[in-house]
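The values are calculated or read from the model by the stated rules, or taken from the named source; none is laboratory data. Keep in mind that what you see is a predicted model, and the values were worked out from it rather than measured. We place every Cβ from the backbone using ideal geometry, glycine too, and count neighbours over all the protein chains shown.
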Amino acid sequence: MPYELLFDQMRAVITRDERLSGGPLVRNTEFLRFAAHWGFVARACRAYRAQTKGKVERPIRYLRDSFLYGREFLGDTQLGDDGRQWLETVANARVHGTTKTVPRDLFEREERGVLQPLAGHPYHSLTLSAPPAPRRIAGPAQVRVLPRIDVEQRSLRAYTALVGSGR
């Protein structure tokens, strides 16, 4: 885990910007708990500063354009398996256009040694609640039960596994 992470000023991280009135950026309390659990300090990009935002957004565009577009996945397991294979054989094995080095080699040489270990247990949010139970709706001459729809939620561990644990 890095000691510091850079984020865009999305509401999940920054709830208000009071700097024009002499105040601070007001950070989301739940996100601060999340950052403390994983042991990193969150830095927010300056608004309207393309040099910083590109560092945050460009990897997502690369992943989307080079891996996700044109593929279909049957579920999280296939996405994870295909993602790991793509990282190993394509993204982390190629010579990067800017650094002129192989990302895997650069990571091993300069980054792995300065990372801290992940927290020993998963993060549990104080603000997320359990999914609602199915609702009963009275209709003409019958009672319908609306089905509960499960949405796949991925833990941070799943994303870590997708991109490689770095351990």
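Return the pairs, sorted by first residue and then second, in which the second residue is of a type in the set (V, I, T), the first residue lies in the range 69-97 and is loosely packed, with under 12 Cβ neighbours inside 10 Å, the beta carbons are less than 7 Å apart, and the residues are 6+ apart or on different chains.
V95/T101; V95/V102
Here are some conditions: (1) outside the structural domain of T89 (by TED's automatic domain parsing); (2) within 24 Å of N92 (Cβ to Cβ); (3) aliphatic (A, V, I, L, M). L79 meets all but one. Which one does it not meet?
Only one criterion in (1) outside the structural domain of T89 (by TED's automatic domain parsing); (2) within 24 Å of N92 (Cβ to Cβ); (3) aliphatic (A, V, I, L, M) is unmet by L79, namely (1).
Give me the residue from the range 79-130 that is touching a His at 6+ places or on another chain (Cβ under 9 Å) and aliphatic (A, V, I, L, M) and, out of that set, farthest from M1 (Cα to Cα).
Within the range 79-130, the match that is farthest from M1 (Cα to Cα) is V102.
Given the criteria of a type in the set (A, V, I, L, M, F, W, C), surrounded by 11 or more Cβ atoms within 10 Å (Cβ to Cβ) and touching a Lys or Arg at 6+ places or on another chain (Cβ under 7 Å), does L32 qualify?
Numbers: of a type in the set (A, V, I, L, M, F, W, C): yes; surrounded by 11 or more Cβ atoms within 10 Å (Cβ to Cβ): yes; touching a Lys or Arg at 6+ places or on another chain (Cβ under 7 Å): no.
So L32 does not fit the description; no.
Among the residues that make up the range 53-63, is at least one of them over 28 Å from S125 (Cβ atoms), surrounded by 10 or more Cβ atoms within 10 Å (Cβ to Cβ) and over 18 Å from the mean Cα position of the chain (by Cα)?
no
Report yes if T101 is over 18 Å from the mean Cα position of the chain (by Cα) and among the β-branched types (V, I, T), otherwise no. So that I can check it myself, show each step before the final result.
Numbers: over 18 Å from the mean Cα position of the chain (by Cα): yes; among the β-branched types (V, I, T): yes.
Considered against the rule, which asks whether it is over 18 Å from the mean Cα position of the chain (by Cα) and among the β-branched types (V, I, T), T101 comes out as yes.
Hey, which of the helices (runs of 4 or more DSSP H) in the range 11-102, taking only ones fully inside, have at least 2 residues that are among the charged types (D, E, K, R) and closer than 26 Å to P117 by Cβ?
Details: elements: 29-38, 50-63, 76-86.
Because the criterion is at least 2 residues that are among the charged types (D, E, K, R) and closer than 26 Å to P117 by Cβ, the helices (runs of 4 or more DSSP H) in the range 11-102 that meet it are 29-38, 76-86.
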